[in-house]
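Written below as structure tokens is the structure these notes are about.
The values are calculated or read from the model by the stated rules, or taken from the named source; none is laboratory data. Remember, predicted model here, so these are calculated numbers, not experimental data. Here the Cβ positions follow ideal geometry from the backbone for every residue, glycine too, while neighbour counts run over all protein chains shown. Ligands, DNA and RNA are excluded from the accessible area calculation, which covers all protein heavy atoms including side chains. Shrake-Rupley method; radii C 1.70, N 1.55, O 1.52, S 1.80 Å.
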Amino acid sequence: MHRGTINCNQVQTEVISEGRWIEEDPVPHSNKRVVLVIPGNPGLPRFYEGFIKALRSKSNTDVWAIGHAGHTQPPENLAIAMPGDEKWAEYYSLTAQVQHKAEFIKRYIPEDVHLHLIGHSIGAWMVLKLLKDKDIERRIRRCYLLFPTIEYMAETRNGLLFTTVISRAAPVLIFLSWIFTTMFPTSVQTFMIRVFGLFYGIPAKSVKAVQEMLNARVLRRVINLAKEEMISVREADHEIISQHANKLWLYYGATDGWVPVKYYKNIMSKHPDLNAQLCQRGFQHSFVLKDDVEMGNIIADLLNEDSER
């Protein structure tokens, strides 16, 4: 696995890859296909390591995952300043995150490559926005929308919890995260996260990602982006879904606090020919914590089927 930090839309951005690195030329006579993973919120690529490893292993496809702008702090030895939060609309907002992914695609993915986009949670909403860019849309072969938060987030069980409790407690949570990451050595942080994880389903493999997320600057941007999601993610974009239904594959959870089953039924009632599935295997919205390998295998099978057509 290759991990690196690039400048994208003037923000230092973490990218991880399985297969060739984003700046390497494709191997001659290899399949011209790239899978780009756009994460949910928090948008830290490290959460998706197991997923992209499984996807690469079973499909033999180059797989890249790009972090959201501002959701990882650059390594201290790079000594590169991040834009301040006073420039939120320009660099860190929902609109800026879509522009961030568009710039990455246009810079690093050749036009003759078959692009497969995977959008998880709010990443699925971003994928639908990217389909409106004609230059990007013509490159896209398929879009896989996993646990897609593409409509009425604020009205869900988790949305109500966020708006009534978490968003109001945000200043306290951010202050506590600052204390946690500045006052305790890394070894103590790791131990505390692992103990906490025993009760809240955070596996040992995700401890480093959680540690990165708890950086006070990162956590502030994660929460502020979620606040924007509650306001902006309303009616699903049925026009873009209809126009590109042949490119879409959607996967809904059966017990998802962000995307209830009624949203799956709603989307199917409006788009009966849409290729959407309701999970029968008990995967959770945050599948990357527990079911990353299984989900990676599912998408790999779809990629393999597509390559045989």
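Distance between the 7 Å Cα→Cβ label points at T95 and F196: 3.4 nm. When the chain is treated as a Gaussian network with alpha carbon springs shorter than 10 Å, the biggest mean-square fluctuation among H120, H244, H285 belongs to H244. When you restrict to C-alpha pairs under 8 Å that are six or more residues apart and normalise by the size of the range 74-159, the relative contact order lands at 25 percent. Relative contact order of the chain, taken over Cα pairs closer than 8 Å and 6 or more residues apart, is 21 percent. For V188 and R107, the difference between the fully extended length at 0.36 nm per residue and the C-alpha to C-alpha distance is 25.1 nm. A simple spin-label model places pseudo-atoms 7 Å from Cα toward Cβ; at D85 and E239 they are separated by 3.5 nm.
Just flag the GluC sites (Glu not before Pro) in the range 156-263 sitting in loop per DSSP whose Cβ has no more than 10 other Cβ atoms within 10 Å.
Numbers: sites: E212, E228, E229, E235, E239; in loops: E235.
Loop-located and lightly packed - E235.
Treating r as the C-beta distance of S269 and R157 and R0 as 25 Å, the FRET efficiency rounds to 0.70.
Near V293: Cβ cut-off under 11 Å, other residues only, Lys/Arg at +1 and Asp/Glu at -1. The net charge is 0.
Mind listing which GluC sites (Glu not before Pro) in the range 84-171 are in a DSSP loop and have 14 or fewer other Cβ atoms within 10 Å? Display every interim value, and only then the final one.
Numbers: sites: E86, E90, E103, E111, E137, E151, E155; in loops: E111, E151.
Filter output for the range 84-171: E111.
Set the Cα radius of gyration of the range 142-196 against 2.2 N^0.38 Å, with N its number of residues, and you get 1.63.
If you take all other residues with their beta carbon under 12 Å from the beta carbon of V233, and give Lys and Arg +1 and Asp and Glu -1, the sum is -3.
Could you work out how far the C-alpha centroid of the range 180-202 sits from that of the range 255-278, in angstrom? After rounding, the separation between the Cα centres reads 36 Å. Local charge sum around W249 (other residues, Cβ-Cβ under 12 Å, Lys/Arg +1, Asp/Glu -1)? Value of the local net charge: 0. Only aspartates and glutamates eight or more places from K87 in sequence, or on another chain, were considered; those with a Cα closer than 17 Å are E228. Panel values: the range 174-309, Kirkwood radius from alpha carbon pairs, Stokes-Einstein at 4 °C and 1.567 mPa s, translational diffusion coefficient 72 µm²/s.
With protein chains left intact and a 1.4 Å probe, residues in the chain average 46 Å² of accessible area per residue.
Using a probe of 1.4 angstrom, how much of the accessible area of the chain is carbon and sulfur, in percent? All intermediate terms of the calculation are to be shown ahead of the outcome.
On the way: 7590 of 14150 Å².
Carbon and sulfur: 54 percent of the exposed surface of the chain.
Which entries in K129/K247; K247/K270; K32/K208; K129/K270; K129/K208; K53/K262 show an alpha-carbon gap greater than 23 Å? Result: K32/K208; K129/K208; K53/K262 exceed 23 Å. Its alpha carbons give the range 86-140 an Rg and a Dmax of 11.5, 38 Å.
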